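J.: Before I ask anything, here is the structure I am working with.
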Amino acid sequence: MPELPEVEVTRLGLAPSLNDATVKAVIMRRQGLRWPFPNNLPNILLGRTIRTLGRRGKYLLINFDHGTLLIHLGMSGHLRIVPFATPVQTHDHFDLVVARSSNADQLIMRMTDPRRFGAVLWHGQEAGELEQHPLLRNLGVEPLEAGFSAQLLYHESRKRRAAIKQVLLAGDIVVGVGNIYASESLFRAGIDPETPAHRIRLEQYEKLVVAIREILSAAIQQGGSSLRDFLNVNGQSGYFQQSYFVYAREGQPCRVCGTAIRHIKQGQRATFYCVQCQT
């Protein structure tokens, strides 16, 4: 599943083509993905200008004067910028056709989603503040912004008896630290992923916050991870997976101590860790 770094890489890649561009057409090739597409989306967006591109957790936000288009990549989705005449492939479900000026060539922001767990939704200005959208209102702080701190994690985890890996994935304290990056961050901080969150000391959370920031920033710089389907807006793979210390390295020697990396299941999600380095 594309996680925060992959969505941020997508946002950065789309921005030069979409910022200040005018919507010329909206093409929906099915009724929806995880949820139905808004029926009147072409009428809502046609002729409107995109002001900015944002991100909240794993949601890409395309902001207009009168509302915001929310896009989630689901399990297998990706967005690309392609020339107007680019042929449509089997899993190309949604096109946003844009032009940056009246005499500019039209481009397509195309959403491809083989497993169809993604989403394209609309939040109009009349519906109130975007942060109150049902999919956004319960999200935690952004891990790369100032509100994310060791004090926050420590305070919010005092009554959390779930394992720290599960607490990170829940998204209600900090958002966007998905499965891959949670495993890598816990390794860098030297924390056993099965440790109950309320037992972790403040000084350990200080290390974890630094690790999460460093891991996510490095992943963005390297174009994200491409274990399965993720491609950036130019159709290229990310390569952060080449830097993994634990994720998907079961049985291989730890890059620090040489101990074989272990694999367990936590809440139906794969966790990889080193029993020697993470105590």
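J.: Kindly indicate whether any position in region 122-142 is part of a loop (DSSP other than H, G, I, E, B) and of a type in the set (S, T, N, Q).
T.: yes
J.: I would also like to ask the following. Has region 126-137 got any residue that is open to solvent by 10 Å² or more (accessible area, probe 1.4 Å) and more than 30 Å from Ile50 (Cα to Cα)?
T.: no
J.: Continuing with the same structure: Which of the residues spanning region 50-71 are touching a Lys or Arg at 6+ places or on another chain (Cβ under 7 Å), under 20 Å from Glu6 (Cβ atoms) and either open to solvent by less than 30 Å² (accessible area, probe 1.4 Å) or touching a residue at least 60 places away in the same chain (Cβ under 8 Å) (or both)?
T.: Leu53, Leu60, Leu61
J.: Note down all Cβ pairs under 6 Å where the first residue falls in region 96-107 and is in contact (Cβ under 8 Å) with a residue 40 or more places away in the chain and assigned to a loop (DSSP other than H, G, I, E, B), the second is among the small types (Gly, Ala, Ser) and crowded, with 19+ Cβ neighbours inside 10 Å, and they're at least six residues apart or on different chains.
T.: Arg100/Ala21
J.: Give region 1-26 a look and list any residue that's buried (at least 22 other Cβ atoms within 10 Å of the Cβ) and among the hydroxyl-bearing types (Ser, Thr, Tyr), or say none.
T.: The one that is buried (at least 22 other Cβ atoms within 10 Å of the Cβ) and among the hydroxyl-bearing types (Ser, Thr, Tyr): Thr10.
J.: While we're here: Suppose we filter region 72-95 for residues that are open to solvent by less than 30 Å² (accessible area, probe 1.4 Å), among the β-branched types (Val, Ile, Thr) and touching a residue at least 60 places away in the same chain (Cβ under 8 Å); how many remain?
T.: Here the count works out to 0.
J.: Could you tell me which numbered condition Gly47 fails, if it satisfies all but one of (1) without any contact (Cβ under 8 Å) to a residue 40 or more places away in the chain; (2) at negative phi; (3) not hydrophobic (A, V, I, L, M, F, W, C)?
T.: Gly47 satisfies all of (1) without any contact (Cβ under 8 Å) to a residue 40 or more places away in the chain; (2) at negative phi; (3) not hydrophobic (A, V, I, L, M, F, W, C) except (2).
J.: Please specify each residue of region 223-269 satisfying the condition of being at pLDDT 70 or above and among the β-branched types (Val, Ile, Thr).
T.: Passing the criteria: Val246, Val256, Thr259, Ile261, Ile264.
The values are calculated or read from the model by the stated rules, or taken from the named source; none is laboratory data. Everything numeric in this text was worked out from a predicted model, so none of it was measured. No Cβ is skipped: glycine too gets one built from the backbone with ideal geometry, and neighbour counts run over all protein chains shown. Areas reflect the complete protein model, heavy atoms only, side chains present, ligands, DNA and RNA absent. Shrake-Rupley method; radii C 1.70, N 1.55, O 1.52, S 1.80 Å.
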